[in-house]
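Here's the structure, in structure tokens; my notes come after.
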Amino acid sequence: MKFIAIWTLVFTVGGWAADVVIFGRLSDAFESSLEKYDFNSVPGNDGIQLFDINGQNNYENIIVSPGEEKKLAIGSTDMLKFTSNGGNLILISEGATQLDCTLFLNELGIYPAPKGYRYVDHHETRPLVSQNHRITDKEVGIDENTAVSLVSNSEYIIPLYQTSRTSMSVNDGGEYWHSGNGGYAAVAFQGLNNGRVLWIGSPSIADTISEDTIEWTFQLRNVIRITKVSHVRESGPFVDVDDYYKVGDKAIFEMDMQEFNYKKGWVPYVASDVQLEFVMLDPYQRVTLNSTKEGRYSTILHIPDQHGMFTFNIDYKRPGLSYVSSQIVVPVRHLANDEYERSWEIPNARVYLTGNTVVIAAWFVFILLWVVSK
């Protein structure tokens, strides 16, 4: 039984060390993109151990490139376990996708065309434009040897290159795999654990976007994190452990976010669409945070008129960026007996207080007049 060749590489970028296992043979153009990061090649073998005795990944990144072998040294189950542990994976097809890769991609909701299908488009000659510029903004050409995939409606799938309206994937028997713009020549996937997967339908497309795909898939960019979260009562800090929010209070919420740049390290992340939710089962409040160029986000939140256990919830998910979330649970109490407004402090109650006063005064006047008249 033949196995595809393996190389193990270790690289360091900006003092950050990682490693890559390559299954298959890379093109010169793709390999040159790896050299940019000062990779060091270490000979591998078919029996390489991807996991340690505890089931954790021994490596952080894997590239599977086209080859003639029918059997890979890594199966679909290993790929699924590797990505479930947070590993990153690049899969490159050529004409058809290897069976183990297909089974793995099907688990993610990506369905590459089976063997024997070729890409046909007799009308459109323009290159394909990227659907997500966070990952890559390059235009790519597409030929009949490009594998095209269908995708599910999973929110974790990030389509990159959509086929044209006049295209199709057809085999010699006249059966269609896709028609129109329902197919994709490259698709990315990012799980909730931020493990990244990228499938590319042909080596030529991989060569064109190799630099971008390596940076994104290996988490050298578009990685964000929350570094600091704080909240305090606007009227003053809490004085002890029994002092907490009550209904009607105002809370000042602040948070810092950073983005990883493999050249500069962690830098401030600035966006205008970061939202805070104040949740008890369902969001009672949802507000957009104000941001500064230093990556500081803040808002003043009005505590709703409902007591219970609430959560300051940040759940920031954007296609192409790593997912970040933060939850802080806080109690909200009702008002104590001596904290309610007195009736004379409530504007709407003054009408009734005035009416009572007038009635009482009129009654005394009536009694006085009645007594005097005797």
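In a DSSP loop and with at most 15 other Cβ atoms within 10 Å, the GluC sites (Glu not before Pro) in segment 99-160 are GLU124, GLU139, GLU144, GLU155. Once you list every other residue whose beta carbon is under 15 Å from the beta carbon of SER291, what net charge do they have if Lys and Arg are +1 and Asp and Glu are -1? Result for the neighbourhood of SER291: -1. Normalised by the number of residues in the chain, the average gap of Cα pairs under 8 Å and 6 or more apart makes the relative contact order 12 percent. Projected onto its three principal axes, the C-alpha set of segment 104-161 covers 32, 31, 15 Å, listed from the longest axis down. Summing charges over neighbours of ASN57, with a neighbour being any other residue whose Cβ is under 11 Å away from its Cβ, gives -3 when K and R count +1 and D and E count -1. For segment 224-337, the normalised intensity computed at q = 0.22 Å⁻¹ comes to -1.23 (log10 of I(q)/I(0), Debye sum over alpha carbons, equal scatterers, no solvent). Among SER149, SER27, SER130, the residue with the largest mean-square fluctuation in a Gaussian network model of the chain, with springs joining Cα atoms closer than 10 Å, is SER27. With 25 Å as the limit, write out which pairs from LYS81/LYS263; LYS228/LYS293; LYS115/LYS138; LYS71/LYS115; LYS138/LYS263; LYS81/LYS264 have Cα-Cα distances beyond it, or answer none. Beyond 25 Å between Cα atoms: LYS81/LYS263; LYS115/LYS138; LYS81/LYS264. With coordinates expressed along the principal axes, the C-alpha atoms belonging to segment 78-126 extend over 44, 23, 17 Å, beginning with the largest. Distance between the C-alpha centres of segment 348-374 and segment 130-195: 84 Å, rounded to the whole angstrom.
In the elastic network of the chain, a GNM with C-alpha springs shorter than 10 Å, the most mobile of THR208, THR125, THR102 is THR125. For VAL232, the shell of other residues with beta-carbons less than 12 Å away shows a net charge of -2, using +1 for Lys and Arg and -1 for Asp and Glu. All distinct Cα pairs of segment 98-240 go into the 1/r average, and the inverse of that average, the Kirkwood radius, is 16.9 Å.
If you build the convex hull over the alpha carbons only and average its shadow over all orientations, what do you get for segment 6-217? Give it in nm² to one decimal.
Details: hull surface 47.3 nm².
If I average the Cα hull's projected area over directions, I get 11.8 nm².
With coordinates expressed along the principal axes, the C-alpha atoms belonging to the chain extend over 124, 48, 37 Å, beginning with the largest. For the chain, complete DSSP H runs whose alpha carbons reach 20 Å or more along their own long axis and whose mean Kyte-Doolittle score is 0.5 or higher are 350-373.
No value in this document is a laboratory result; all are computed from the given coordinates. Quick caveat, the model's predicted, so the values are computed rather than measured. Methodologically, a virtual Cβ is constructed for each residue, glycine included, from the backbone with ideal geometry; neighbour enumeration extends over all protein chains shown.
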